[in-house]
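Each remark here refers to the structure printed beneath this line.
The values are calculated or read from the model by the stated rules, or taken from the named source; none is laboratory data. Quick caveat: nothing in here was measured; it's all calculated off a predicted structure. We place every Cβ from the backbone using ideal geometry, glycine too, and count neighbours over all the protein chains shown.
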Amino acid sequence: MKKLFALMVMLMTVAGVKAQMVLSDNHAMLKLEQGKKYLLLPVQEKEENASIAVLDERNEMVMRLNVKLAVDKVDYFVPLELKQARLLDIIFHGDRRTTGAIKDFACWREMKYSNSFDTTNRERFRPVYHHTPLYGWMNDPNGLFYKDGVWHLFYQWNPYGSQWENMTWGHSTSTDLVNWTAQPTALQSDWLGAVFSGSAIVDKNNTAGFGKDAVIAMYTSAGASQTQSIAYSTDGGRTFTKYAGNPVITFNAPDFRDPKVFWYEPRQCWMVILAVGQEVHFYSSKNLKEWKFESAFGRQYGNHEGVWECPDLVQLGEKWVLILNINPGGPFGGSATQYFVGQFDGHKFTCEDEPGETKWMDYGKDHYATVTFHNGPEGRIVALPWMSNWQYGGAVPTLQFRSANGLPRDLGLTTVNGESILTNTPSKELLALRSKKVKTPTDACEIVIDVKGTMELTLMNSKGERVVMNYDSKKQTFSMDRTKSGEVSFSEAFPCVTEAPTFGPMKQLRLFIDHSSIEAFEGEGRMVMTNLVFPSEPYNIIKVKGGKATIYSLALKK
């Protein structure tokens, strides 16, 4: 009788899914129905991740993922594409004393099969002219390149929840840097590890032997150690094949990641710059497969309060700019982007700034992991940031998706008082968004302010929520106060005042407002400030002292 009872428990069928088997206090299996495209997994964000092994008909594992399967209630669903999947082997890691018995978990009642997944927006804070994933978590932009009139944006993506996990490369494309189309997943994890950040290039001369104009992605395989791998695409970046000789670069360091590849014309070779702890390493290669260490840079230079990540090196005129992201250590806490100006000779980078001097690319709280597009048209250097901060990225008040990219910015160099300053100007494609002039702000608009000396600008709504910006013409500083901007309680690090030097008098200010962000650009791009905001209703009131505002509605595709 006891054996029969145990067998009945093991084979217990719960409404919603069939053939679910409870095997122990933390272990269950689920036999999958065949002929279905998706299994919709119910997620509850407060729970611990459950480890899921996806097995095929030979009981070989084809995928491993971590999902916060619902115990009490469902926050949202994520789709697991079944393909040849036959069985899910699930280990729960939550405390059974607080979560209860596995057989009673809400996930069994709520799981469902479907041949489609509804990605219709359900979030009031989702931006309308900034790139976002259709669903799931997103952080660093990866593999940015331009080819045949199309901008390609890959990104760190968790398709199985709105928290960081299961790192893959998502993929979106655009012809205008504003309207983005979601593409199939580009790269998924393998036994070398999860797919962390990296870059992509167009191999115009077939140096790697994968074909003329092949797109080659280089990325970090994050397993027991972090190593560098490559994958190639012969269909313009739509699908990739991983190189059989991976990994192509290894090093004895726990933080060894985020390769940015670029062509160095004088030596007729490829270079890659990698983040290694709190410095960067340069390697060279003729074929993208075999790499030679060249030099290191970073000790005693810049900010060292956190780990260095997502480096980039670009040439602007006669000088080179090394872009370097750091977390933590930003000017107002958390993550931020610093840069260095100098010279690069194909072997090493020499900084023209004093050791210890820090230059920030953006003085807001929500600008990180900034990298540039390879092969930009007209010789343009176009950069794209992740618009969030690691202090609270997983806590912002959205569920269907988390995180957006900041606006694309064209980079340049200018000189202020004998010092080289990186400029960021909104990419020219954004001008095409301008529609008619309107009298009041909306939740998606551009505001141009002609500044006349010291200025104070307030954006507010009927609830009294407001963002206050000040320009001090004597000190030549600009600040943005979001302490009373709307919902701020999700993190103690969120309400803040950010302040920046303007590197000269400010004559014009361009504000780009979207549902949950404000990006402020000094007219010549010498100062940029990117901050998230979460107002309960749009800011529809503007007050300006010391300037004249022109408000443009935006012509957005539906």
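Let me confirm something: among Leu511, Leu532, which residue is over 21 Å from Thr550 (Cβ atoms), hydrophobic (A, V, I, L, M, F, W, C), crowded, with 23+ Cβ neighbours inside 10 Å and in the same structural domain as Ser462 (by TED's automatic domain parsing)? Spell out how you get there, then give the answer.
Values: Leu511 fails: over 21 Å from Thr550 (Cβ atoms).
When all the criteria are applied, what remains is Leu532.
Quick one: Thr337 ticks every box in (1) more than 18 Å from Tyr219 (Cα to Cα); (2) touching a residue at least 60 places away in the same chain (Cβ under 8 Å) bar one, so which box is it?
Just one mismatch for Thr337, condition (2).
Need pairs with beta-carbon distance below 8 Å; first residue within 30 Å of Phe210 (Cβ to Cβ) and within the stretch 278-307, second among the aliphatic types (A, V, I, L, M) and part of a loop (DSSP other than H, G, I, E, B); sequence gap 6+ or separate chains.
Matching pairs, first to second residue: Asn287/Ala208; Leu288/Ala208; Leu288/Val248; Lys289/Ala208; Lys289/Val248; Glu290/Val248; Trp291/Val248.
Which strands (runs of 3 or more DSSP E) sit wholly inside the stretch 108-180 and have at least 2 residues that are among the aliphatic types (A, V, I, L, M)?
Working: elements: 112-114, 136-147, 150-158, 168-174.
Hits in the stretch 108-180: 136-147, 150-158.
List the number of the failed condition for Gln391; all other conditions in (1) surrounded by fewer than 23 Cβ atoms within 10 Å (Cβ to Cβ); (2) not in a loop (DSSP other than H, G, I, E, B) hold.
The one condition Gln391 does not meet is (2).
Step by step: first the residues of the stretch 191-239, then only those that are outside any strand (DSSP E or B), without any contact (Cβ under 8 Å) to a residue 60 or more places away in the chain and hydrophobic (A, V, I, L, M, F, W, C), then the one that is nearest to Ser285 (Cα to Cα). Which residue is that?
Phe210
Conditions tested, residue by residue: (1) at pLDDT 95 or above; (2) out of contact with any Cys (no Cβ under 6 Å at 6 or more places or on another chain); (3) closer than 16 Å to Ser51 by Cβ; (4) assigned by TED's automatic domain parsing to the domain that holds Ser51.
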residue	(1), (2), (3), (4)
Val62	no, yes, yes, yes
Leu69	yes, no, yes, yes
Val74	yes, yes, no, yes
Val78	yes, yes, yes, yes
Gly94	no, yes, yes, yes
Thr98	no, yes, no, yes
Val128	yes, yes, no, no
Leu134	yes, yes, no, no
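Yes/no per residue for (1) farther than 30 Å from Gln183 by Cα; (2) surrounded by fewer than 17 Cβ atoms within 10 Å (Cβ to Cβ); (3) among the aliphatic types (A, V, I, L, M):
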position	(1), (2), (3)
Thr227	no, no, no
Ile230	no, no, yes
Asp235	no, yes, no
Phe240	no, no, no
Gly245	no, yes, no
Ala253	yes, yes, yes
Tyr264	yes, no, no
Ala275	no, no, yes
Glu290	yes, yes, no
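Could you tell me how many of the residues in the stretch 421-465 are in a strand (DSSP E or B) and either polar (S, T, N, Q) or under 27 Å from the mean Cα position of the chain (by Cα) (or both)?
Total meeting the criteria: 13.
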